[in-house]
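A short worksheet on the structure shown next.
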Amino acid sequence: MTATVTARTRLRSLPLAALGACLLSFASFWVAQRAAHVSMLDLSVYRAEGATALAGGDLYAMRATSANLPMTYPPFAALVFTPLTLVGIPEMRALATLGNLLLLVALAHLSLRLVAPDGTAAPRRGGAFPTRPGAALWTAAVLVWCEPVWQTFRYGQINLLVAAAVLWDLTRRADSRWTGIGIGLATAVKLTPGLFVVLLLAVGVVRARSDGWAPWRNEWLWRGTRAVAAFSVVTVASALVLPYDSRRFWTEMIFETGRVGRTEETANQSLSGVLARLLHTTDPGAWWVVAALLVGGAGLAVAVLAALRGDRAVAVVACAVTALLVSPISWSHHWVWCVPALTLLAARVRPVWTAAAALVFGSFALWWVPHAPAPVRLELHQNGWQMLLSGLYTLLGIALLGAFAAWVVRAGAGGSAAGRPAPDGLRPSRTSRSA
């Protein structure tokens, strides 16, 4: 009798509604992707990179797919992609889609953990949603339809894997033996997560100067040191396996940003892309350098101050947004960081502002403007409204950094950590607790 009651209790506790909604949304998404005849072009490039590494070919002379795409990642990525050669292309695409769906749920779960202070949720209208059973499933069911996520699936990209690895690392307990490993490995595959290493070391050094140089008691310095160690180990190992390719990447390819794509493309949602379209040029040059230095310095400062004042969620999202803004190329699918960003906004601000930010990512508005693949350059002839629409992610990113800066300043003025009143228009709802 007791066993029967226990079984019934466990069955009732299962988030069946959330699971059903998530499966229905994912199934609809899968059908929509097939109907759109998605190419999963980047996934085919990854497979070619893995095959080239196994064959001992020249990784950075390789071209793949009908688009003649080169390899742009460090050599370690090619080694990571070698298992893709073990299955056929249809099976690879199906497994990649399924894997990305699972990674989206994982990213949603980690985002909810990130915004829940000390493992508990901040009460909002509707209750403590982040810790409710099935919260990650509901979140994933909705956010799978955002443009960055759609494009990640469309191209078969690894953005969800990279973001999940970083958040997995930053939401682990400070005494975990694995802290820092996720960020280090993510940086070895794709360089942009390296800004998180800078954040960890910067916060760690500031704390060490005030608390004493004891790395084992300094969580941030410990994570940063391990991240550097993980990155170094796999990078050196890759150099031993692929010496020629490693030398070429770290001395030549890393500086050739043109290999990634055209700066002025609408899909480029970084400062360089917006400036290129604004100035009607293929190379914004010094304008981008100045803007990147200013925004990069300000964004990293906001992230460091937020971390020092105990607001890890703001620190992480601010760092991610800063990396996306200052990167020479940040394709729209790189903005899968909208998942933790929207989760943070939902926990901190009025619903109308969260909805507005979600509309930016869910409207696909940046594709409402004239755009075309090379050699046509329609983006260089956009008018004011078109440039506004094609820069929505960048503008929202700058607005988020401004809001985060105001939060951090008010938190410091109030003498508390996270969750102080936000700036006008982005003020947390009255029912929310400080986070």
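Taking the criterion of being part of a loop (DSSP other than H, G, I, E, B) and open to solvent by 60 Å² or more (accessible area, probe 1.4 Å), the residues of the range 261-283 that qualify are His280, Thr282, Asp283.
Report yes if Val228 is more than 20 Å from the chain's Cα centre (by Cα), assigned to a helix (DSSP H, G or I) and β-branched (Val, Ile, Thr), otherwise no. Against the criterion (more than 20 Å from the chain's Cα centre (by Cα), assigned to a helix (DSSP H, G or I) and β-branched (Val, Ile, Thr)), Val228 does not qualify. What pairs come out if I take residues in the range 91-112 that are over 18 Å from Ala346 (Cα atoms) and of a type outside the set (S, T, N, Q) and pair them with residues that are in a helix (DSSP H, G or I) and open to solvent by 30 Å² or more (accessible area, probe 1.4 Å) whose C-beta lies under 7 Å away, six or more apart or interchain? Partner pairs satisfying both residue conditions: Met92/Arg47; Met92/Leu84; Leu103/Leu161. Listed by first and then second residue, the pairs with beta-carbon distance under 8 Å, at least 6 apart or on different chains, first residue in the range 339-368 and buried (at least 18 other Cβ atoms within 10 Å of the Cβ), second of a type in the set (Phe, Trp, Tyr) and in a loop (DSSP other than H, G, I, E, B), are Gly362/Trp145. Take the conditions (1) closer than 28 Å to Val105 by Cα; (2) surrounded by fewer than 24 Cβ atoms within 10 Å (Cβ to Cβ); Leu294 misses just one of them, which is (1).
The set of residues in the range 18-38 being surrounded by 12 or more Cβ atoms within 10 Å (Cβ to Cβ) and in contact (Cβ under 8 Å) with a residue 60 or more places away in the chain consists of Ala18, Leu19, Ala21, Cys22, Ser25, Phe26, Phe29, Trp30, Gln33, Val38. Residue selection: Leu102 fails the criterion of being of a type outside the set (Asp, Glu), crowded, with 23+ Cβ neighbours inside 10 Å and either modelled with pLDDT of 95 or more or assigned to a helix (DSSP H, G or I) (or both). Which of the residues that make up the range 171-184 are surrounded by fewer than 23 Cβ atoms within 10 Å (Cβ to Cβ) and aliphatic (A, V, I, L, M)? Once the filter is applied, which keeps residues that are surrounded by fewer than 23 Cβ atoms within 10 Å (Cβ to Cβ) and aliphatic (A, V, I, L, M), the range 171-184 yields Ala174, Ile181.
Of all the listed residues (Ala286, Ala303), the sole one being on the phi < 0 side of the Ramachandran plot and either open to solvent by less than 20 Å² (accessible area, probe 1.4 Å) or touching a residue at least 12 places away in the same chain (Cβ under 8 Å) (or both) is Ala303. For the range 71-86, a tally of residues being more than 20 Å from Leu191 (Cα to Cα) and surrounded by 14 or more Cβ atoms within 10 Å (Cβ to Cβ) returns 2. For Val339, the requirement of being closer than 26 Å to Arg172 by Cβ and part of a helix (DSSP H, G or I) is met. The single condition from (1) under 25 Å from Gly296 (Cβ atoms); (2) among the small types (Gly, Ala, Ser); (3) modelled with pLDDT of 95 or more that Ala208 fails is (3). Consider the range 188-217 and keep the residues that are closer than 23 Å to Trp337 by Cβ and open to solvent by less than 10 Å² (accessible area, probe 1.4 Å). The one that is farthest from the chain's Cα centre (by Cα) is Gly204.
If the condition is being open to solvent by less than 20 Å² (accessible area, probe 1.4 Å) and touching a residue at least 60 places away in the same chain (Cβ under 8 Å), then the range 39-70 contributes Met40, Leu43, Tyr46, Ala53, Leu59, Tyr60.
Restricting the range 222-250 to residues that are out of contact with any Leu (no Cβ under 9 Å at 6 or more places or on another chain) and of a type in the set (Val, Ile, Thr), the residue that is surrounded by the most Cβ atoms within 10 Å (Cβ to Cβ) is Thr235.
Among the residues of the range 251-260, those identified as over 21 Å from the mean Cα position of the chain (by Cα) and surrounded by fewer than 18 Cβ atoms within 10 Å (Cβ to Cβ) are Thr251, Glu252, Phe255, Glu256, Gly258, Arg259.
The values are calculated or read from the model by the stated rules, or taken from the named source; none is laboratory data. The shown structure was predicted, so the numbers you read here are calculated from the model rather than taken from an experiment. Neighbour counts run over all protein chains shown; Cβ positions are idealised from the backbone, glycine included. Just the protein is used for accessible areas: all its heavy atoms, side chains included, with ligands, DNA and RNA removed. Shrake-Rupley method; radii C 1.70, N 1.55, O 1.52, S 1.80 Å.
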